[in-house]
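Worksheet: the structure to be examined is printed underneath.
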Amino acid sequence: MRDCRTRPEGYGGASIFDDEVFILDRKKGESDILRCIDLNTGEEWWNFSYEASGELPYPGSRAVPTIDKKHIWSVGPYGDLYCINKKSHQAVWNINIVKEFEGKLTNWGFSQSPIIYKNMVIVALHAEKAGVTAFNKLSGELVWKSRPLTGINFHPSPAIANFGGVDQIIVISSYDKKDSTKTNELVAFDANSGKELWKYEGLHSFANINSPVVVDENKLFLTDCSYNDKYEPVSILLEIKKEGDEFKVNELFLTEEAGCKMHPAVFFEDHFYLNSNKRPEQMACLNLEGKNVWAKDSVPGFEMGGLILVDGLIINQNGKNGDIYLIEPSPEGYKELGKASFFNSEKTQAWAPMAFGNGKLLVRNLEKMVCVALQNP
């Protein structure tokens, strides 16, 4: 186990590419800072910063950078979309998507990660001039923009899927409790053109954070904890099929038994595993009919921590104290295999998504990031 150097507090997760770790941090009130860190030692190799003055509630970083062999793309909390060259450590291009497309900054700012598709970088703006935009990933030139979304800007990143042989970008737009003209929708756009393909209006979320989870070639899973004007859980499984030139959306289940506020579910062997935020907050296992198959009295809660699947096992992080747990996914019941603690601070609040690569797991809280070896040397 190694501790990376203490970072400014924040909620942004890391990305791993080969032996490099990339994380977007903030200097409070002044700037965003992209850091490149050695995965094996925790040493910072280089950084790039840009001015982004101001401060938001729950201060600090927000999103996870998107990486390829030569470049990094990131969206800062104030809507600054940057493409940064790995070799020169400098910006190739940048744009403020709030200013350019007449967007509106929410109380907590932008918290999304871009999608790389072919020669494009795609982001969800939720702005007056466009809902989703695709830029040339190397020049920053606008390739296409979608119609505006019906709801408000909140926090889910767009998802990419292929349904009916068509690559599509899927986004969620939350409704506004105070403005009846801002309505909820889940909508899919053609990834090559921005043309609208289909939409679904049954999520009824006013504060969506979770991105959709693509289950297979025709199923999509949604989970949330801001359902029908209350902070209540909901999970939904949709079937999307192409019939002729049209897409049809069928709701396979909608359950209020479990729903996660902040992190996507893990799908494994026909079951969904998620940290439900229904009181009492407990981990849940939903089958394909939407039933929570675990006996609730034997399942612990993980607050608003995230979970990932590694080699057929679930790693789950407690969002309050940062502890991580190794869990065998099984519909027969909660099966904990091990536990480890790395954080002692009272300011733990471990809400950032974890990252896994090259046999190493990255977890962070508000004050530090820890690298844990999960393979034998």
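Rounded to the nearest 500, what is the chain's calculated 222 nm mean residue ellipticity when only DSSP H runs of at least 4 contribute -39500 (n - 2.57) each, over all residues?
Helices in the chain give a 222 nm mean residue ellipticity of 0 deg cm²/dmol.
Whole number please: convex hull volume per residue, Cα atoms of region 1-113, in Å³.
Roughly 94 Å³ of hull volume per residue.
Return, for the Cα atoms of region 146-190, the radius of gyration and Dmax in Å, separated by a comma.
11.8, 39
For region 1-113, what number of Lys pairs, 8 or more residues apart or on separate chains, have alpha-carbon atoms under 28 Å from each other?
16
Just to confirm a number: summing +1 for Lys and Arg and -1 for Asp and Glu over residues other than Pro329 whose beta-carbon lies under 9 angstrom from that of Pro329, what do you get?
Spelling it out: positives minus negatives among the neighbours equals -1.
Please work out, to two decimal places, the log10 of the ratio I(q)/I(0) at q = 0.14, 0.16, 0.25 Å⁻¹ from a Debye calculation in which every Cα of region 209-284 carries one identical scatterer.
-0.45, -0.57, -1.14
Quick one: what do you get for region 179-228 if you divide its Cα Rg by 2.2 N^0.38 Å?
Taking the Cα Rg and dividing by 2.2 N^0.38 Å, one obtains 1.26.
Taking a cut-off of 16 Å, what percent of all Cα-Cα pairs in region 305-350 are separated by more than that?
Distances greater than 16 Å cover 39 percent of the Cα pairs.
Using the Kirkwood radius over Cα pairs, work out the Stokes-Einstein diffusion coefficient for the chain at 4 °C and 1.567 mPa s, in µm²/s as a whole number.
Taking Rh from Cα pairs, D becomes 62 µm²/s.
In terms of Cα to Cα distance under 17 Å, which lysines are near enough to Lys335, apart from those fewer than 8 places away along the same chain?
Lys296
Could you tell me, in Å, what Rg and Dmax come out for the Cα atoms of region 228-337?
Just the Cα atoms of region 228-337 yield Rg and Dmax of 14.9, 51 Å.
Could you work out the local net charge near Gly338, counting Lys and Arg as +1, Asp and Glu as -1, over the other residues with Cβ closer than 13 Å to its Cβ?
Result for the local shell: -1.
Please build a GNM for the chain, connecting alpha carbons under 10 Å apart, and tell me which residue among Leu39, Leu288, Leu197 fluctuates the most.
Maximum fluctuation in the GNM of the chain, among the listed residues, is at Leu288.
If you count, for each residue, the other Cβ atoms within 10 Å and average over each peptide, how do 256-265, 179-188, 21-30 line up from highest to lowest?
Most protected by this proxy first, the peptides run 256-265, 21-30, 179-188.
Which value, in nm² and rounded to one decimal, describes the direction-averaged projected area of the C-alpha convex hull of region 21-87?
The Cα convex hull of region 21-87, projected and averaged over all directions, gives 4.5 nm².
What is the local net charge at Pro233, summed over the other residues whose Cβ is closer than 12 Å to its Cβ (Lys, Arg +1; Asp, Glu -1)?
-1
Where does each of 125-136, 329-340 land if you order them by average Cβ count within 10 Å, highest first?
By packing density, highest mean first, the sequence is 125-136, 329-340.
Only the coordinates and a few stated rules stand behind these numbers; no lab work does. Predicted, not measured: the structure shown is a model, and the values here were computed from it. Don't worry about glycine lacking a Cβ; one is built from the backbone with ideal geometry, like all the others, and counts go over all protein chains shown.
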